[in-house]
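One structure is given below, encoded as structure tokens.
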Amino acid sequence: MAIYQATASAPVNIACIKYWGKRDTKLILPTNSSLSVTLDQDHLRSTTTARADPSFERDRLWLNGTEEEIKDVGRLATCIKEMKRIRREVVEAKDPQAPKLSTFPVHIASHNNFPTAAGLASSASGFAALVSALAALYELPSSPSELSVIARQGSGSACRSLFGGFVAWEMGSAADGHDSLAVEVAPQSHWPEMHALICVVSDDKKGTSSTSGMQRTVETSALLQHRIKEVVPARMAEITAAIKARDFDAFARVTMADSNQFHAVALDTEPPIFYMNDVSRAIIALVVEYNRVALEKTGKRKAAYTFDAGPNAVIYAPAENMREIVSLIVRYFPQKDAFKDVFGLFGVAGVGEGGLV
Ligand code: DP6
């Protein structure tokens with residue numbers, strides 16, 4: 001009796017140009033394109049094993065050992081259904097000898113090797129690993145961009161974790177979403193000096209989820225309309241050029257501006273959403289001062305902060321500056337032994353190739 005099982009893993013990605021807003025909530029089609037860097041560190045990944053067996057009664061999923069319900073029309077069910085459809089159309093319909101895996105229920109076990117309580121987004125790596133594991137199980141010839149269309153329907157930001165390095169999610173224009181997908185801007189090897197420092201300011205579960213927060217912004221923020229029409233298209237072009245030219249100063253300027261504007265549209269939402277706290281703002285002040293001194297001396301910035309839908313900071317910087325940045329952070333923000341719950345955990349993550357293992 002053959003065993004049909006496959007394992008894949010995918011890393012976390014952190015956006016420099018933020019995705020915030022959907023034009024189609026069912027298909028998860030965004031109101032603007034976005035761009036991120038996929039982290040490389042071994043301890044920021046989701047690893048997922050999928051197994052198909054005719055004796056299973058139904059599709060089931062375990063996350064870090066605890067079973068999660070697969071709701072009928074939910075995002076998990078959509079991803080699993082779509083992957084089975086591709087298996088049917090691309091493999092089984094063409095090769096009558098191929099086992100009919102699309103008709104077997106699947107059992108899926110997923111594990112994050114970073115603490116789920118650390119306040120780091122796990123849905124991006126989670127859905128990317130899920131889709132990658134099913135693609136391996138079903139032996140699909142699909143490219144990472146094609147798989148990103150399915151991962152996107154699990155969680156928008158997940159589509160970018162199908163690639164390592166520097167990745168754009170092109171918003172696309174088709175109503176069925178087939179052209180709303182991730183593309184590689186540059187592999188990690190293009191700019192290996194780029195590093196990321198993750199500063200966990202709080203490991204509380206966030207107050208307003210990305211999904212509901214961005215929907216409220218779409219419904220109530222006038223500033224969002226300006227952002228998606230006037231601001232993001234130019235920034236996508238600018239940051240892509242900065243990455244291609246390995247121009248850290250331009251990369252930093254655009255990344256920080258976009259983090260600021262994302263938090264401005266959150267504030268422009270009714271009722272307003274505050275994701276950053278006093279520690280987040282103090283980290284911004286530190287990076288601004290650090291850059292002010294660098295700009296005075298050399299005319300170039302040395303670090304870039306960015307914040308997602310929570311208070312934790314990610315600081316991008318060339319590797320050569322990291323030691324100095326870490327010592328500044330440690331000096332001004334004592335670690336958890338001294339101030340528990342203020343600054344729980346940090347780590348320097350290389351930026352990596354990611355994708356399938
Ligand atoms: C602030 O991808 O978590 O991290 O598509 O509703 O699952 P859903 O949202 P999600 O939103 C991520 C928002 C962000 C910015 C980004 O990653 O681009």
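Less than 15 Å Cβ to Cβ from residue 226, Lys/Arg counted +1 and Asp/Glu -1: what total charge do the surrounding residues give?
+1
Choose one of 101, 56, 73: the residue whose Cα lies farthest towards the positive end of the charge dipole of segment 47-125 (beta-carbon charges +1 Lys, Arg; -1 Asp, Glu; about the Cα centre).
Farthest along the dipole direction, towards plus: 101.
As a test of the formula, what do you get for the chain when each DSSP H run with n ≥ 4 contributes -39,500 (n - 2.57) and the sum is divided by the residue count, at 222 nm and rounded to the nearest 500 deg cm²/dmol?
The per-residue figure over the chain is -10500 deg cm²/dmol.
For segment 9-168, just run the numbers: alpha carbon Rg, then divide by 2.2 N^0.38 Å, N being how many residues it has.
1.02
State to the nearest 20 debye the size of the charge dipole of the chain about its Cα centre, where the only charges are +1 on K and R beta carbons and -1 on D and E beta carbons.
In debye, rounded to 20, the chain gives about 240.
Show me the ranking of peptides 31-37, 210-216 by mean Cβ neighbours inside 10 Å, starting with the highest.
Per-residue Cβ counts within 10 Å, averaged per peptide and sorted highest first, yield 31-37, 210-216.
Any idea how far apart residue 2 and residue 281 come out in nm if each label point goes 7 Å out from Cα toward Cβ?
The answer from the label model is 6.1 nm.
Please compute the length gained on full extension between residue 222 and residue 42, using 0.36 nm multiplied by the number of residues separating them and subtracting their Cα-Cα distance.
60.7 nm
Quick one: 280, 327, 148, 55, fewest Cβ neighbours within 10 Å first, how do they rank?
Neighbour counts put them in this order, fewest first: 55, 327, 280, 148.
Which far-off residues, 5 or more places away or on another chain, put their amide H under 5 Å from the one on residue 202, with H placed in the peptide plane?
312
Report P(r) for segment 1-56: all Cα-Cα distances, bin width 5 Å, range 0 to the bin holding the largest distance, values in whole percent.
4, 15, 14, 13, 15, 15, 11, 8, 4, 1
Principal axes first, then extents: for the Cα atoms of segment 192-290, list largest minus smallest coordinate on each axis, whole Å, largest first.
Computed over the Cα atoms, the extents are 40, 33, 23 Å.
Taking square-rooted eigenvalues a ≥ b ≥ c of the alpha carbon gyration tensor, is segment 225-281 rounded, prolate or oblate, where a/c under 1.5 means rounded and, failing that, a/b exceeding b/c means prolate?
oblate
Which is farthest toward the positive dipole end of the chain among 288, 12, 36, measuring Cα position about the Cα centre, with Cβ charges +1 (Lys, Arg) and -1 (Asp, Glu)?
It is 288, whose Cα lies furthest towards the positive end.
Just to verify a number: FRET efficiency for residue 209 and residue 139, C-beta to C-beta distance, R0 = 41 Å, to 0.05?
0.75
Tell me, what is the percent relative contact order of the chain, built from C-alpha pairs under 8 Å that lie six or more residues apart?
Worked out over the chain, it gives 23 percent.
Can you classify segment 119-231 as rounded, prolate or oblate using the Cα gyration tensor, where a ≥ b ≥ c are the square roots of its eigenvalues, rounded means a/c under 1.5, and otherwise it's prolate if a/b beats b/c and oblate if not?
In terms of gyration-tensor shape, rounded.
I'd like to know how the chain sits against the 2.2 N^0.38 Å rule of thumb: what's its Cα Rg over that expected value?
Cα-based Rg divided by the globular estimate yields 1.00.
Gain in length, residue 67 to residue 100, computed as 0.36 nm per residue apart minus the alpha-carbon separation, to one decimal in nm?
Fully extending the segment from residue 67 to residue 100 adds 9.3 nm.
Can you work out the FRET efficiency for the pair residue 288 and residue 237, with r the C-beta to C-beta distance and R0 = 30 Å, to the nearest 0.05?
FRET efficiency, residue 288 to residue 237: 0.75.
What order do you get for 184, 289 when you list them from fewest to most C-beta neighbours inside 10 Å?
With the fewest neighbours first, 184, 289 line up as 289, 184.
None of the figures in this text is laboratory data; all of them are computed from the coordinates on show. It should be emphasised that the depicted structure is a prediction, and the values quoted were computed from it without experimental measurement. A quick note on method: Cβ atoms are made from the backbone with ideal geometry, for glycine too, and the neighbour counts reach across all protein chains shown.
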